[in-house]
Amino acid sequence: MVHSPYTIEHLRPDTGSSDQDLTPGVPNFETITLGELVRLKLPERQQIIAPIIPVQGLAMLYAARGIGKTHVALGLSYAVSCGGAFLRWQAHKPRRVLYLDGEMPAQALQERARQIIAASPHQPPTEDYFRLLSMDRQSLGLSLNLAKPEHQAALEPHLIGVELVVIDNISTLVSGGRENDADSWDAMQAWLLQLRRQGISVLLIHHAGRGENARGTSKREDVLDTVIQLKRPEDYDPEEGARFEVHLTKARGVFGDDALPFEAKLEVIDGQAHWTCKTLQDHELVQVEELSQAGMSVRDIAAQTGLSRSRVNRMQMKLREEGRLRH
């Protein structure tokens, strides 16, 4: 198993205590002074796939049914295993991935894998850089509930060398009580934090609930570095297949253009999965430009586009600076 690049020994001051000082059954917590923390020579935190999942990072991707969660999860995972790119994200070196799938038929997984591999200019260094645990391929009656310590322990042999675990999805692989009950998430959260201390990053795949939030307790998001939301564009046509907006609703350390929402579209051509992306801001800017030229007021533009009036004002200023809007 991959271990953290630094352990408690790096943090432990020399107090002269020994194992004989430990009381059986009582946790022996260690502390460190602020000065000692500042003087530590810690490794720079790298990225599993930049800029959204850091090493020892915890992330969640969620969307309503049928939008494309598994397409994104598989494409991102393959990029990590190859050291390649996916959508607007880049993995700078290959890392081992364990993909846990709780609901896809093996045939559907196989088809998507073939499309991804056929379209990619990269390959993993060896085949074991991307391993799958598909519940559809397990013995009849065998289940996986990651909220149970015994099931977490059963995964230990499969985590050796792994740097990214993808859990697709929470609804099928985590059963810890009522979904909206924050306490029911405690066992799972403890395991996620344990994986992080061991140097393993985790991407959780989840369903959207009513409105635009992830389904169930919001406590899931407390320890996460990144939360990614996929949602349908307003002008979406079901015949388009996988086309959606990508929004970072929580992103520690992600700023500027990296944090901007964008639109992604999948087209399968000759058995190859091809993705195209465009910045949503460009689309919105064009929309504001057209409505402004039509003589609509800021209030009316905001009502029609769903943008705030202050944002419409800023976009009109940008259009004037670029000479695309005269008044």
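Percent relative contact order of the chain, based on C-alpha pairs within less than 8 angstrom and at least six residues apart?
Working: 545 pairs, mean separation 63.6, N = 327.
Relative contact order comes out at 19 percent.
What is region 27-154's relative contact order, in percent, from Cα pairs under 8 angstrom and six or more apart in sequence?
Values: 132 pairs, mean separation 25.2, N = 128.
With pairs under 8 Å counted, the relative contact order is 20 percent.
By the scheme Lys and Arg +1, Asp and Glu -1, what is the net charge of all other residues having a beta-carbon under 13 Å from that of Leu144? Intermediate results must be reported in sequence, preceding the final value.
Details: positive: Arg137, Lys148; negative: Asp101, Glu103, Asp136, Glu150, Asp168.
Net local charge, Leu144 excluded: -3.
Return the loop-located chymotrypsin sites (Phe, Trp or Tyr not before Pro) in region 121-188 (DSSP other than H, G, I, E, B) with at most 13 other Cβ atoms within 10 Å of their own Cβ; answer none if there are none.
When the chymotrypsin sites (Phe, Trp or Tyr not before Pro) of region 121-188 are filtered for loop state and at most 13 Cβ neighbours within 10 Å, nothing remains.
Between region 119-150 and region 294-312, what is the C-alpha centre distance in whole Å?
47 Å
Under a 10 Å cutoff between Cα atoms, tell me which one of Val165, Val174, Val38 has the largest fluctuation in the Gaussian network model of the chain.
Per the Cα network of the chain with a 10 Å cutoff, Val38 tops the list.
Using mean Cβ contacts within 10 Å as the protection proxy, how do 192-204, 269-281 order, highest first?
Working: 192-204: 19.6, 269-281: 13.4.
Descending packing order for the listed peptides: 192-204, 269-281.
Report, by chain and number, residues whose modeled amide H sits under 5 Å from the one on Gln47, excluding near sequence neighbours (fewer than 5 apart, same chain).
Close amide H contacts, sequence-distant or interchain: Val55.
In which sequence would Leu260, Leu140, Leu61 go, from the one with the fewest C-beta neighbours within 10 Å to the one with the most? Kindly include the intermediate steps, with their values, before the conclusion.
Details: Leu260 15, Leu140 4, Leu61 25.
Listed from fewest to most nearby Cβ atoms, that is Leu140, Leu260, Leu61.
Taking the Cβ of Gln46 as the center, what net charge do the other residues with Cβ under 15 Å away carry, scoring Lys and Arg +1 and Asp and Glu -1?
Numbers: positive: Arg45, Lys93, Arg95, Arg96, Arg196, Arg252; negative: Glu44, Glu163, Asp225.
Value of the local net charge: +3.
So what's region 47-259 giving for Cα Rg divided by 2.2 N^0.38 Å, two decimals? Kindly include the intermediate steps, with their values, before the conclusion.
On the way: Rg = 16.4 Å, N = 213, 2.2 N^0.38 = 16.9 Å.
After normalising by residue count via 2.2 N^0.38 Å, the value is 0.97.
What's the center-to-center distance, using Cα atoms, between region 33-53 and region 210-237 in Å?
28 Å
Among residues other than Gly295 whose Cβ falls under 14 Å from its Cβ, what is the net charge (Lys/Arg +1, Asp/Glu -1)? Write out the running numbers ahead of the final one.
Details: positive: Arg299, Arg326; negative: Glu289, Glu290, Asp300.
Charge balance in the 14 Å sphere: -1.
Over region 282-321, what is the relative contact order in percent, taking alpha-carbon pairs closer than 8 angstrom and at least six residues apart? Don't jump to the answer; show the numbers that get you there.
Working: 23 pairs, mean separation 16.4, N = 40.
Over region 282-321, the number comes to 41 percent.
Which entries in Lys265/Lys318; Lys148/Lys219; Lys69/Lys231 show an alpha-carbon gap greater than 20 Å? It would help to have the intermediate numbers written out before the result.
Details: Lys265/Lys318 27 Å; Lys148/Lys219 18 Å; Lys69/Lys231 10 Å.
With Cα atoms farther than 20 Å apart: Lys265/Lys318.
Computed from the coordinates by the stated procedures, all read-outs in this text should not be read as laboratory data. What you see is a predicted model; the values in this text were computed from it and never measured. Every residue, glycine among them, receives a Cβ derived from its backbone with ideal geometry; neighbour counts consider all protein chains shown.
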